[in-house]
Amino acid sequence: MLSELEQIEKNALAALNSTQDEAGLMEWHVAHLGRSAPIMRVFDKLGQLAKEERPMIGKRANEVKRALEAAEAERNGVLHQAALSRALQSERLDVTLPGRPVQHGRLHPSTQTLRKVYRIFAEMGFQVYRSRDVETDEYNFQLLNFPPHHPAREMQDSFYIAGDHAEDNALLLRTHTSPGQIRSMREYAATDPKNPPPVRIILPGMCYRYEQITARSEIQFNQVEGLAVGKGITFCDLKGTLSDFARRMYGAHVQIRFRAGHFPFTEPSAEMDIECFVCGGVGCPVCKRTGWLEILGCGMVHPIVLQNGGYDPRQYSGYAFGMGTERITMLAHRIEDIRNFWANDMRFLQQF
Ligand code: DAH
């Protein structure tokens, strides 16, 4: 029996040494330490042995079993190491290779332009006033001096949410940021109705128009509205502020000009152009050969609008302006298709 145990141990250890991988080791385990392995059969047979033989054989069988278990654990470690170093050999690491660049998130080009505009106006003492995206027909049009059937309404075809055209309470997505003029003036005036405080704000936000989507027009776009109301504000203040804005936005030497324009909520109204920065004013396809690029609409706040905002037009005056920031971004980066802004195409967005 003792020599049988020696043989069992020898056989098992020899077999163990020839295992080459994890699978081989598993097979070995079943064959040499599994339920019907030779060593286990020795335990089964202990009962049939003579009483005096039993302790000695039993002890030896236990030793062999433990020795096999220990040898298995050691072999497992050896095979594992070998596998690791094989992997290291085949997947050799070249530590001199440049690292993979980290993918950074970035700000949308419209956001970048908006922030630049905020910064410039902040330096001039303007605060940001946020107004709502969903407006009533009354605020979006009527209080801004658009009469019910004014043709300018058709210039701004609207997404109506509830009700219809020219009903005071009809709801629509704002077609421009100008209704924020009324909301902000009313809020300021409410703080001191007899002597309303001056207003100096910009109103940024998304606007919506029910239009055919083309390379030049989108159904949603950002505008930044500006509003300054106080005593003794003149067209000079308007021109000075917007000229300064243009220089800070486009460079100290940029040429600007004001042209007469028309908006129902301002009187007089104007449009501001800057010298085409593509051709320097000579004329090119970007400026349609005029040498000028239209940047914004502006004017002196109409007395009716001041009145609707809670400011007495006999004592107060003000100016307002509005610009589309996608247009500004398109001009600055020579982007030719406005649809890029909301297409979420990484190839476009990663360029900014
Ligand atoms: N609301 C006008 C538009 O959407 C832009 C505008 C023009 C705003 C003149 C103004 C302004 O405040 O004075 O086209």
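The values are calculated or read from the model by the stated rules, or taken from the named source; none is laboratory data. All figures in this text were calculated on a predicted structure; none of them were measured in a lab. Using ideal geometry, Cβ is built from the backbone for each residue, glycine included, and neighbour counts are taken over all protein chains shown. Ligands, DNA and RNA are excluded from the accessible area calculation, which covers all protein heavy atoms including side chains. Shrake-Rupley method; radii C 1.70, N 1.55, O 1.52, S 1.80 Å.
Values computed for the structure shown
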read-out: Residues of region 15-29 that turn out to be free of Cβ contacts under 8 Å to residues at least 24 places away in the same chain and under 53 Å from the mean Cα position of the chain (by Cα), as a count; value: 2
read-out: The lone exception for F348 - which of (1) part of a strand (DSSP E or B); (2) away from the ligand (no atom under 16 Å from the Cβ); (3) among the aromatic types (F, W, Y) it fails; value: (1)
read-out: Cβ pairs under 9 Å, 6+ apart, first in region 258-270 and more than 9 Å from the ligand (Cβ to nearest atom), second of a type in the set (D, E, K, R) and part of a strand (DSSP E or B); value: F258/E271; F258/D273; R259/E271; R259/D273; R259/E294; A260/E271
read-out: Selection from region 268-311 of residues that are in a loop (DSSP other than H, G, I, E, B) and either of a type in the set (S, T, N, Q) or at positive phi (or both); value: G280, G281, G283, K288, R289, T290, G291, G310
read-out: Check on A228, small (G, A, S), assigned by TED's automatic domain parsing to the domain that holds Y319, touching a Lys or Arg at 6+ places or on another chain (Cβ under 7 Å) and more than 19 Å from E294 (Cβ to Cβ); value: yes
read-out: Number of the condition not met by S217 [criteria: (1) open to solvent by less than 30 Å² (accessible area, probe 1.4 Å); (2) outside any loop (DSSP other than H, G, I, E, B); (3) within 13 Å of the ligand (Cβ to nearest atom)]; value: (2)
read-out: Residue count, region 220-245 (criterion: over 24 Å from Y188 (Cα atoms), more than 12 Å from the ligand (Cβ to nearest atom) and in contact (Cβ under 8 Å) with a residue 12 or more places away in the chain); value: 5
read-out: Lone qualifier among I295, I274 - being touching a strand residue (DSSP E or B) at 6+ places or on another chain (Cβ under 7 Å), without any contact (Cβ under 8 Å) to a residue 60 or more places away in the chain and more than 15 Å from the ligand (Cβ to nearest atom); value: I274
read-out: Residues (buried (at least 16 other Cβ atoms within 10 Å of the Cβ) and of a type in the set (F, W, Y)) located in region 303-352; value: Y311, Y316, Y319, F321, F341
read-out: Answer from R115, R100, R86 - the residue that is closer than 30 Å to Y250 by Cα and either loosely packed, with under 10 Cβ neighbours inside 10 Å or away from the ligand (no atom under 14 Å from the Cβ) (or both); value: R115
read-out: Residue among L144, L171 that is within 16 Å of the ligand (Cβ to nearest atom) and either aliphatic (A, V, I, L, M) or at pLDDT below 95 (or both); value: L144
read-out: Scan of region 50-94 for residues that are touching a helix residue (DSSP H, G or I) at 6+ places or on another chain (Cβ under 9 Å), more than 22 Å from A12 (Cα to Cα) and among the aliphatic types (A, V, I, L, M), ordered by number; value: A83
read-out: Among (1) more than 26 Å from D273 (Cβ to Cβ); (2) within 16 Å of the ligand (Cβ to nearest atom) - the single one A190 does not satisfy; value: (2)
read-out: Residue list for region 31-76, restricted to those being modelled with pLDDT under 90 and of a type in the set (K, R); value: K45, K51, R54
read-out: Filter result for the condition that a residue is farther than 17 Å from Q223 by Cβ and crowded, with 19+ Cβ neighbours inside 10 Å, over A162, A189; value: A189
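Condition check ((1) more than 30 Å from A162 (Cα to Cα); (2) part of a helix (DSSP H, G or I); (3) out of contact with any Asp or Glu (no Cβ under 8 Å at 6 or more places or on another chain)) across all residues:
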| site | (1), (2), (3) |
| --- | --- |
| D44 | yes, yes, yes |
| A73 | yes, yes, yes |
| D94 | yes, no, yes |
| G125 | yes, no, yes |
| L143 | no, yes, yes |
